[in-house]
Each structure stands twice: as structure tokens, then as C-alpha cells.
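Beneath this line is the structure, given in C-alpha cells, with notes to follow.
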Amino acid sequence: MCSAPSVAEAVGAYLAEADACVNALLGIEPAGVSPGRASCRLTVSERHLNSHRICHGGIVFALADAAIAYASCSTNRSGVTLAVTVSFLRPARLGNVLTANAEVQADGRRTSTATARVTDQDGQLIALLQGTSLRFEEPVLPNSPMATR
């Protein structure tokens, strides 16, 4: 039987490979997955800037949403984002290295709730998010049993 950390790592690796939009298109990279927790990283480049020459809020949101997804699915329970609230606290700028750290706060049969903090390379808080995920009756990893709670 696999340990919880190895299941979380396997789920993280699978999601990183399977989600081309997050990884290849946006440049978001997983930076660690453990049971109920995950981190994702992004370096702000020209393609991420809006007309004000700051990182587009949708990019900051996508980074945090990815971290929440990794954290929520880390026990091999699949699901999708149902709702998110976001507070943008300061702008991210060209060259900033953003990290989203997410942690599951509540994990139920049909939903899970997680929080994410997005910070820059200096530890400055860029955004706070709280998200709810809807659970499905299937594991994340193909051909594996659903995680037991």
C-alpha cells in the first residue's frame, strides 16, 4: 500500500503532466505536493502583463487555483473548482517569482475547501483566495482505487 506522501506526489506528477494549459501555456510549475497541501510557482513574463504593465489578475488567480487543485486532489480524490473568492492585495510585476501555497481546510464527501496565499520572491502578499471544490466519484490517478478517508 502506498503512503499518503507518495500518493500526493504521484497525483502532483500526474496533474502536472495532464494539465497542458496550466503548465505549457501559462508557465505554472508545481513546486511541491503533500497530503492536503501544494505549492505552485510562476515567473511573471511579458506574456502575463496587462495594459497597466502589471501581472494580469487572471494569471494570479490561475496560479492560486492550480495550487488549490493540487492540494484538493492530493489524496487521489478528483474534483473541480466550484467557487472561489479572491482578494488582490498588491500588484505583481515583470520578473517577480510568484508562489501560491494552498492548504485544504475542510475535506468532505462531496466538497473540499482550501485557502491559498500568493506571495512574491520577497514574501510580499499578492493575493488571498478561498476555494471550494466539487468532488467526483473517481480517483485522479487512472487505474487506482479512490483514496479512503
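The values are calculated or read from the model by the stated rules, or taken from the named source; none is laboratory data. As the structure is a prediction and not an experimental result, all values here were calculated from the model. Positions of Cβ are generated from backbone atoms using ideal geometry, with glycine treated the same way; all protein chains shown enter the neighbour counts.
Out of the stretch 1-44, which residues are of a type in the set (A, V, I, L, M, F, W, C), assigned to a helix (DSSP H, G or I) and surrounded by 13 or more Cβ atoms within 10 Å (Cβ to Cβ)?
Answer for the stretch 1-44, where residues must be of a type in the set (A, V, I, L, M, F, W, C), assigned to a helix (DSSP H, G or I) and surrounded by 13 or more Cβ atoms within 10 Å (Cβ to Cβ): Ala4, Val7, Ala8, Ala10, Val11, Ala13, Leu15, Ala16, Val22.
Mind listing whichever residues of the stretch 67-109 are of a type in the set (S, T, N, Q) and under 12 Å from Arg135 (Cβ atoms)? Full working, then the answer.
Within the stretch 67-109, the subset of a type in the set (S, T, N, Q) is 72, 74-76, 78, 81, 85, 87, 96, 99, 101, 105.
Within the stretch 67-109, Ser72, Thr75, Asn76, Ser78, Thr81 meet the criteria.
Would you mind telling me which numbered condition in (1) within 12 Å of the chain's Cα centre (by Cα); (2) crowded, with 19+ Cβ neighbours inside 10 Å Cys55 fails?
With respect to (1) within 12 Å of the chain's Cα centre (by Cα); (2) crowded, with 19+ Cβ neighbours inside 10 Å, Cys55 is out only on (1).
Could you list, in sequence order, the residues of the stretch 45-85 that are of a type in the set (Ser, Thr, Tyr) and outside any helix (DSSP H, G or I)? Talk me through it step by step, then tell me what you get.
We begin by selecting, within the stretch 45-85, every residue of a type in the set (Ser, Thr, Tyr); these are 45, 51, 70, 72, 74-75, 78, 81, 85.
Matches in the stretch 45-85: Ser45, Ser51, Ser74, Thr75, Ser78, Thr81, Thr85.
Having 1 or more residues that are touching a Cys at 6+ places or on another chain (Cβ under 9 Å), hydrophobic (A, V, I, L, M, F, W, C) and in contact (Cβ under 8 Å) with a residue 60 or more places away in the chain is the bar; report the strands (runs of 3 or more DSSP E) wholly within the stretch 86-149 that clear it.
In the stretch 86-149, 97-107, 125-135 are the strands (runs of 3 or more DSSP E) which contain 1 or more residues that are touching a Cys at 6+ places or on another chain (Cβ under 9 Å), hydrophobic (A, V, I, L, M, F, W, C) and in contact (Cβ under 8 Å) with a residue 60 or more places away in the chain.
Are there any pairs with C-beta distances below 8 angstrom linking a residue in the stretch 61-80 that is touching a residue at least 12 places away in the same chain (Cβ under 8 Å) and of a type outside the set (A, V, I, L, M, F, W, C) to a residue that is buried (at least 24 other Cβ atoms within 10 Å of the Cβ) and part of a helix (DSSP H, G or I), with the two at least 6 apart or on different chains, and if so which?
That search, which allows pairs on different chains as well, returns Tyr70/Val11; Ser74/Ala8; Ser74/Val11; Thr75/Ala8; Thr75/Val11; Asn76/Val11; Gly79/Ser72; Gly79/Cys73.
Residues in the stretch 114-124: is at least one at pLDDT 95 or above, within 18 Å of Pro35 (Cβ to Cβ) and in contact with a Ser or Thr (Cβ under 6 Å, 6 or more places away or on another chain)?
Within the stretch 114-124, one or more residues are at pLDDT 95 or above, within 18 Å of Pro35 (Cβ to Cβ) and in contact with a Ser or Thr (Cβ under 6 Å, 6 or more places away or on another chain).
Using the structure shown, decide if Ala106 is under 21 Å from Pro5 (Cα atoms), out of contact with any Lys or Arg (no Cβ under 8 Å at 6 or more places or on another chain) and loosely packed, with under 14 Cβ neighbours inside 10 Å. Even if it seems obvious, please write down each step before you answer.
Values: under 21 Å from Pro5 (Cα atoms): yes; out of contact with any Lys or Arg (no Cβ under 8 Å at 6 or more places or on another chain): yes; loosely packed, with under 14 Cβ neighbours inside 10 Å: yes.
So Ala106 fits the description; yes.
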